[in-house]
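The values are calculated or read from the model by the stated rules, or taken from the named source; none is laboratory data. Note that the structure is predicted; figures quoted are calculated from it, not measured. Virtual Cβ from ideal backbone geometry, glycine too; neighbours counted across all protein chains shown. Ligands, DNA and RNA are excluded from the accessible area calculation, which covers all protein heavy atoms including side chains. Shrake-Rupley method; radii C 1.70, N 1.55, O 1.52, S 1.80 Å.
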Amino acid sequence: MRCTSEVEVDTVRAYLEMSHGLDPAEWSSRHARGEVPDHWPYGLDRLANHGVQPIMRIPARGRVIERIGRAARHRLGGYEWADAFRRTTGDVILCWDEYSGVPAALRQRRKPVITGVVWLTDEVDKTTAWFAKRALPRAARVWASSSAMIPRLERDWGVRKAHHIPLGIDVDFFRERPKTEERLVVSAGNDRHRDHHLLIRAINKVPGARLEIATRLAIPQNYARTGLNEGQVRDLYQRASVIAIATTPNVHASGLTVTLEGMASGRPVVIPDTPGLTDYVENERTGLIYPVGDEDALAKCVHRLLTDEAMATELGQAARRKVEQHFSTELQAARLAELMLTI
């Protein structure tokens, strides 16, 4: 599993456990139609460029299996139990998040499990926590995209050593292009820590600004853009002058994907000062940061960017460079590969 010499390198075979029914083959077809970034979810096909052979797991299909899976998720902490006990191949099991990682770590005895963690540090129920506290100490490696989660995973969840792996974005899919509309502010996201209503109130204080939000959450219909695939969300970014995000306090970096997608699109971003999210944006250099929950400060940041074209352009270009240099899915794959190659 490790480098054997400067000439010959053993390739680690990584069996990919995907949550939420993600199927790499189906994803590839959608990518070819311009609907989603990367050839595989999260750019995990890029592991092949860094000494790791990724092996696709085809999700279990069938009405009965899907019904069992839904019932198990509902009763047993939200985890992906339906595929948990299928036979696996490869040298290691790689799970993107805890929903597949916890069942994998509980069942495996012979193969190391490497899993990401996304939600556990922010308000989970007792059943979810019970399984996680028994599973995560068994994992060979645990990582998170938010640095603020690292000490909590070690202190509260029994992880021996957690790793910060910055999130990556497909910089070929999200590209810098000239905006097509003036004074348009765009946001997106569906997780429970989004505060789209605060964002709406803030933008209503900015003269002449318009707001569109790609979301499934309940907000006034004149702001909501529903049913969009990621290619259509990308087009929404490219129309915009500013990408703005509002969240409630959290440590898992709610809004991170939208932040990086906006930056990769060459747009100035406005984000709340939440731990983890500020790993990715430098205030006054690649975006603007305001105190979480402060709608007046958010409105002022957006107003600055809408009225100072030179500043908005400079921040957007710097943001694009930052993503290319530090937060691409190619770099993310290299960092994940290093975790596997050093087991």
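Before we move on, is residue 253 open to solvent by 10 Å² or more (accessible area, probe 1.4 Å) and touching a residue at least 60 places away in the same chain (Cβ under 8 Å)? Talk me through it step by step, then tell me what you get.
Details: open to solvent by 10 Å² or more (accessible area, probe 1.4 Å): no; touching a residue at least 60 places away in the same chain (Cβ under 8 Å): yes.
So residue 253 does not fit the description; no.
If I filter the stretch 21-53 down to residues being farther than 21 Å from residue 235 by Cβ and over 19 Å from the mean Cα position of the chain (by Cα), which single residue comes out as modelled with the lowest pLDDT?
Per the criteria, the residue is 25.
Of all residues being out of contact with any Ser or Thr (no Cβ under 8 Å at 6 or more places or on another chain) and buried (at least 24 other Cβ atoms within 10 Å of the Cβ) in the stretch 95-113, which is farthest from residue 15 (Cα to Cα)? Just the residue, please.
103
Scan the stretch 316-343 residue by residue and report those that are at pLDDT 95 or above and not in a helix (DSSP H, G or I).
Within the stretch 316-343, 327, 328 qualify.
Please find, among 262, 231, the residue that is in contact with a strand residue (DSSP E or B) (Cβ under 8 Å, 6 or more places away or on another chain) and modelled with pLDDT of 95 or more.
262
Scan the stretch 114-139 for residues that are buried (at least 18 other Cβ atoms within 10 Å of the Cβ) and hydrophobic (A, V, I, L, M, F, W, C) and jot them down.
Listed by number, the residues that qualify are 114, 117, 118, 119, 120, 131, 132, 135, 136, 139.
Only one residue in 181, 212 is modelled with pLDDT under 95 and within 21 Å of residue 303 (Cβ to Cβ). Which one?
Details: 212 fails: modelled with pLDDT under 95.
Of the residues listed, the single one that is modelled with pLDDT under 95 and within 21 Å of residue 303 (Cβ to Cβ) is 181.
Could you tell me which numbered condition residue 154 fails, if it satisfies all but one of (1) open to solvent by 10 Å² or more (accessible area, probe 1.4 Å); (2) touching a helix residue (DSSP H, G or I) at 6+ places or on another chain (Cβ under 7 Å); (3) more than 23 Å from residue 47 (Cα to Cα)?
(2)
Find all pairs meeting these conditions: Cβ atoms under 8 angstrom apart; at least six residues apart or on different chains; first residue within the stretch 319-335 and at negative phi; second residue open to solvent by 60 Å² or more (accessible area, probe 1.4 Å).
320/176; 322/282; 329/42; 330/49; 332/42; 333/49; 334/49
Residue under question is residue 217, and the condition is that it be open to solvent by 10 Å² or more (accessible area, probe 1.4 Å) and assigned to a loop (DSSP other than H, G, I, E, B); does it hold?
Values: open to solvent by 10 Å² or more (accessible area, probe 1.4 Å): yes; assigned to a loop (DSSP other than H, G, I, E, B): yes.
Spelling it out, residue 217 is indeed open to solvent by 10 Å² or more (accessible area, probe 1.4 Å) and assigned to a loop (DSSP other than H, G, I, E, B).
Based on what the data block shows, is residue 245 within 25 Å of residue 172 (Cα to Cα) and either touching a Pro at 6+ places or on another chain (Cβ under 8 Å) or crowded, with 19+ Cβ neighbours inside 10 Å (or both)? Can you show your working first?
Values: within 25 Å of residue 172 (Cα to Cα): yes; either touching a Pro at 6+ places or on another chain (Cβ under 8 Å) or crowded, with 19+ Cβ neighbours inside 10 Å (or both): yes.
Taking the combined requirement at face value, the residue satisfies it.
Mind checking which residues of the stretch 249-289 are within 18 Å of residue 301 (Cβ to Cβ), of a type in the set (Val, Ile, Thr) and in a loop (DSSP other than H, G, I, E, B)?
Once the filter is applied, which keeps residues that are within 18 Å of residue 301 (Cβ to Cβ), of a type in the set (Val, Ile, Thr) and in a loop (DSSP other than H, G, I, E, B), the stretch 249-289 yields 274, 281, 286.
Quick one: how many residues across the stretch 171-188 are buried (at least 23 other Cβ atoms within 10 Å of the Cβ) and in contact with a Gly (Cβ under 8 Å, 6 or more places away or on another chain)?
1
Hey, can you tell me all the residues within the stretch 10-59 that are assigned to a strand (DSSP E or B) and basic (Lys, Arg)? Outline the logic, then answer.
Looking only at the stretch 10-59, we keep the residues that are assigned to a strand (DSSP E or B), and these are 12-17, 52-55.
If the condition is that a residue be assigned to a strand (DSSP E or B) and basic (Lys, Arg), then 13 is the only one that fits.
In the stretch 239-248, which residue that is in a loop (DSSP other than H, G, I, E, B) and small (Gly, Ala, Ser) is nearest to residue 206 (Cα to Cα)? Even if it seems obvious, please write down each step before you answer.
The initial filter retains those residues of the stretch 239-248 that are in a loop (DSSP other than H, G, I, E, B), namely 240-241, 245-246, 248.
In the following step, the residues that additionally are small (Gly, Ala, Ser) were identified as 240-241, 246.
Details: 240: 15, 241: 13, 246: 15 Å.
Of everything passing the filter in the stretch 239-248, 241 is nearest to residue 206 (Cα to Cα).
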